[in-house]
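Reading through the structure tokens given below for one structure.
FYI, it's all coordinate maths here, none of it is from the lab. Everything quoted here is computed from the prediction, not taken from an experiment. Note that we place each Cβ from the backbone using ideal geometry, even for glycine, and neighbour counts take in every protein chain shown.
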Amino acid sequence: SLSDRLGGVFERLRGRGALGEADVRTAMREVRIALLEADVALPVARDFVEKVTEQAVGQNVLRSVTPGQQVVKIVHDALVDMLGSDTAELEIAVTPPAVIMLVGLQGSGKTTTTAKLAKLLKKDGKKVMMASLDVNRPAAQEQLAVLGTQTEVATLPIVAGQTPVEIAKRAMSAAKLQGFDVLMLDTAGRLHVDQALMDEMKAVSDIANPAETLLVVDSLTGQDAVNVASNFSEQVPLTGVILTRMDGDARGGAALSMRAVTGKPIKFAGMGEKLDQIEPFHPKRVAGRILGMGDVVSLVERAAESIQAEDAERMAGRLAKGQFDMNDLRSQLAQMRRMGGLGALAGMIPGMKKAQAAMASGAVDEKILLRMDAMIGSMTVKERAKPELLNAKRKIRVAKGSGTTVQDVNKLLKMHQEMQSAMKRLKKMGGLKGMLGMLG
Ligand code: GDP
Ligand code: MG
């Protein structure tokens, strides 16, 4: 991770008073690489590093942490600062109907996100109507109608042959007449930034006067994100950004690029194809992801939701000490089952991705988790506390007792070992507590 890489750079700095310019510049080269690896656009990474260098040079070296950790913290704080220090809400406290317009490239997730937001707002007690202005793609309006049925949100009846501006007008008057609180406008996609469609969007914006105009961006867009963002933000008055496919392996770099170019807050993150898979955007988590520290904050938050408080506390205490035995693994497995499989957790604990790869062929399902639970159940109390006791003979006994094979037992032991060493690494970084402190 970045932290490890910076460790070497600052080895020489130990015992000195302040962060020197040469050391910081060397460190920033690593930071720049980390940003680019996370898909931050090149000019954005350059500006960011320049700004942070100024901040870091001359800062006193703290005694309680290593200079490397301190720089990671400075970089982390600057990232959070730039991404927006808090989660941003939808601002729709206007005379109803409040119009929310979604714009963006084709396939970025506008239609899906329209339905997701409508569902959220409905849950919030709002009376919501959705209308599709996409007359370009065949069946685009029908797609939104289907989502409307699924979410039990009203959609504007489809009238063939209307222009987007005409549809917008009809939607406005229908929403007013029928007393809707919110009107969501899902606009046509475009493959590239295209002037005719931009003009059309401007015309719609003039008529509907949206309270929110949200740019929907695929977080996997990477280096191209800057062009998309600058083109859209020059042409329509954006109020915010939504990043989709944050469930994929995007490392969050697009978020920083978006924020830098549009200057607008990122309001939500799309976390999957299902209509409840949307979350408020958490700058701290994404900053952690960009720096490759593992998303420990969300891990802890989620864990706290589904396990009893004292259980969580006991676990945190053990993790802080770098302890992780079979009992810990067992309660982790139980949590994974409750939290919908390993997929949701992968990448959150440092080292977890590797542990996941050690399990089966990637297709981790409930059955595997249950089998692992059975294996741990077949171990003695001593074996659970000290898995290294498991010699060939004992492994055969455990395999028999759990209806598995010695190979399965070996896989479990390997996974446990990987997780245990991840916990040890975590401890070296100052433990879970230190890490959380660092994340703010
Ligand atoms: P549009 O062309 O901008 O309206 O895009 P759509 O809403 O039709 O979405 C395009 C595809 O992306 C669909 O298959 C969606 O299910 C998928 N999609 C949208 N948002 C997300 C997300 O947050 N995560 C994932 N994994 N898929 C998404
Ligand atoms: Mg669409």
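Quick look at the values:
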item: Projected label distance in nm at ASN327 and GLU388, using a 7 Å step from Cα toward the beta-carbon; result: 1.9
item: DSSP-defined antiparallel bridges as percent of all bridges, region 98-290, nearest 5; result: 10
item: Region 248-292 - charge dipole about Cα centre, Lys and Arg +1 at Cβ, Asp and Glu -1, debye rounded to 20; result: 240
item: Mean Cβ count within 10 Å, highest first, over the residues of peptides 50-58, 197-205; result: 197-205, 50-58
item: Per-pair calculated FRET efficiency, R0 = 30 Å: ARG425 and GLU234 via Cβ, rounded to 0.05; result: 0.10
item: Computed lengthening from ASP81 to ASP47, 0.36 nm per intervening residue step minus Cα-Cα distance; result: 10.8 nm
item: Net lengthening on full extension, VAL94/VAL381 (0.36 nm per residue, minus Cα-Cα); result: 97.1 nm
item: Efficiency of FRET from Cβ geometry, ARG29 and LYS202, R₀ 51 Å, rounded to 0.05; result: 0.75
item: Label-zone membership for region 221-251, site GLN195, 7 angstrom Cα→C-beta point, backbone N under 20 Å; result: 227-237
item: Listed residue pairs exceeding 20 Å between alpha carbons, taken from LYS395/LYS424; LYS169/LYS267; LYS284/LYS414; LYS116/LYS202; LYS202/LYS274; LYS386/LYS414; result: LYS395/LYS424; LYS169/LYS267; LYS284/LYS414; LYS116/LYS202; LYS202/LYS274
